[in-house]
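Chemist: Attaching a single structure in structure tokens format; questions to follow.
The values are calculated or read from the model by the stated rules, or taken from the named source; none is laboratory data. A quick note: this is a predicted structure, and the numbers were derived from the prediction, not measured. Cβ coordinates were reconstructed from backbone atoms using ideal geometry, including for glycine residues, and neighbour counts include every protein chain displayed.
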């Protein structure tokens, strides 16, 4: 049922993209991106009220991707739902033919556009992963037997550039123990450091069959790269890349960003550093086919 | 200590619209320490209400407003004044406001916003370290509470928003998970960091909380 799961289990290099649902009911651009990308990648992540900004829901859009013949990675955060709502949405996902879920804590409402909202966090991301496994095994969180289990492919996230890193690694270990089958990372830009991180992560995962996908956010300008260094926790764009972005005229910066992204994909694939990539072009998803072609995956 | 802040005077006057005679109740405990309902604040409030055209028929400061029997006794000493007043303005936490509620059928109006159970760092500086969750987990976290001190109340490690040891939600605040991690390492109890902690049992702190028999039951038991 899940193309993403099969791709991960096949052993080949896996590629996912990302769809950010709109704030409103005008879905034309989003549907255009879905149709453009669904056959070019193994799956499309659908963000869940990303950055705590209220938007069209990830469950509905994940279903739309599946019904259009693509595969979706349903992102589910603990911010907005208690354990009843989380489990109900997971059953709904299974019912709608969505086979893959990515379990996240979720940004705090304070950083979004409804700052007065009550933050839920009844579960944390480790609990949500445990809960997916329980549902797969035919029981709900409270231990009640389900009339029909789920068959979810369960994912989590990890931040390789977290500072400090050690608590992040402990949490990664807990997610593996809880039942995570694949990980997508926060955006990484320093390939040497990422290679080192994957080595540590593999050691921690021990014998567990856990797939690790590098998160790649396409740089659009020097200013954007500097902004991420300054303002986004857990993202580090190294000086060499800042210089590279600065080396071209502003009008060519985005093209440079796509070139860097393609170069990183090629490096990760050819050196078998990780099991795949998750590419985020944040609103400019139409560039993805070109990046994949440049990376030799088109 | 219950930490509170003063409501804006305009909001209080709006609440007291139509009430000509007012009785002000302060609190000698938390509201005195946080300077929201002690002697000085009660006197200032009296002056502000009189300036706004109200008649303040009485003031008093109860040792601790949350002690319902004490409060009842203090108000009783004022006799008919409290029976004839239009409204009570209470300068204490919401618990104290409702002690007054339990003792009168007159209008009762809060003069402060109650914030949290806080530790007093020094005068005017308060921090929340306990959120009264009903099932103390401090032993698992080196006596640093993630339920109260992590903005998301996470139980199994930091979120992706931890930023050079600070919290994404408030960059002036240390990430509770970095503190917990350092403390448990110091104690040589790394196993506490690796064990998956179950989610909280929120039924343990479900509202309204109560210890002891319900009021009705107590009444029944009276001879």
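Chemist: Residues to consider are A:152, A:146; find the one that is surrounded by 22 or more Cβ atoms within 10 Å (Cβ to Cβ), away from chain B (no Cβ under 14 Å) and closer than 12 Å to residue A:87 by Cβ.
Modeler: The unique qualifying residue is A:152.
Chemist: Mind checking which residues of the range B:137-165 are facing chain A (nearest Cβ under 9 Å), more than 20 Å from residue B:117 (Cα to Cα) and modelled with pLDDT of 95 or more?
Modeler: Residues satisfying the conditions are B:155, B:156, B:157, B:158, B:159.
Chemist: Quick one: count up the residues across the range A:164-197 that are out of contact with any helix residue (DSSP H, G or I) (no Cβ under 8 Å at 6 or more places or on another chain), surrounded by fewer than 22 Cβ atoms within 10 Å (Cβ to Cβ) and part of a helix (DSSP H, G or I).
Modeler: Going through the range A:164-197 one residue at a time, the tally reaches 5.
Chemist: Right, something else. Applying the selection to the range A:203-223, what residues are crowded, with 18+ Cβ neighbours inside 10 Å and either farther than 30 Å from residue A:178 by Cβ or free of Cβ contacts under 8 Å to residues at least 12 places away in the same chain (or both)?
Modeler: Within the range A:203-223, A:218, A:219, A:220, A:222 qualify.
Chemist: Another question, then. Name every residue in the range B:67-106 that is surrounded by 19 or more Cβ atoms within 10 Å (Cβ to Cβ) and in a loop (DSSP other than H, G, I, E, B), in order of residue number.
Modeler: Scanning the range B:67-106 gives B:85, B:91, B:92, B:93, B:103.
Chemist: Something else now. Got a sec? Which of B:109, B:120 is at pLDDT 95 or above, in a strand (DSSP E or B) and assigned by TED's automatic domain parsing to the domain that holds residue B:69?
Modeler: B:109
Chemist: Still on this structure, I have one more. Restricting the search to the range A:151-163, which residues are in a loop (DSSP other than H, G, I, E, B) and touching a strand residue (DSSP E or B) at 6+ places or on another chain (Cβ under 9 Å)?
Modeler: Selection gives A:152, A:159, A:160, A:161, A:162, A:163.
Chemist: Which numbered condition trips up residue B:104, out of (1) more than 21 Å from the chain's Cα centre (by Cα); (2) under 24 Å from residue B:3 (Cβ atoms); (3) away from every other protein chain (no Cβ under 13 Å); (4) modelled with pLDDT of 95 or more?
Modeler: It is condition (2) that residue B:104 fails.
Chemist: If residue B:203 satisfies every condition in (1) within 28 Å of the chain's Cα centre (by Cα); (2) within 16 Å of residue A:121 (Cα to Cα); (3) at the interface with another protein chain (Cβ under 9 Å from one of its Cβ atoms) but one, which is the exception?
Modeler: (3) is the only condition that residue B:203 fails.
Chemist: Say whether the condition of being at pLDDT 95 or above, within 14 Å of chain B (Cβ to nearest Cβ) and buried (at least 20 other Cβ atoms within 10 Å of the Cβ) is met by at least one residue in the range A:83-93.
Modeler: Looking through the range A:83-93, at least one residue is at pLDDT 95 or above, within 14 Å of chain B (Cβ to nearest Cβ) and buried (at least 20 other Cβ atoms within 10 Å of the Cβ).
Chemist: Report yes if some residue within the range A:91-106 is touching a residue at least 40 places away in the same chain (Cβ under 8 Å) and over 24 Å from residue A:6 (Cα atoms); otherwise report no.
Modeler: For the range A:91-106, residues touching a residue at least 40 places away in the same chain (Cβ under 8 Å) and over 24 Å from residue A:6 (Cα atoms): present.
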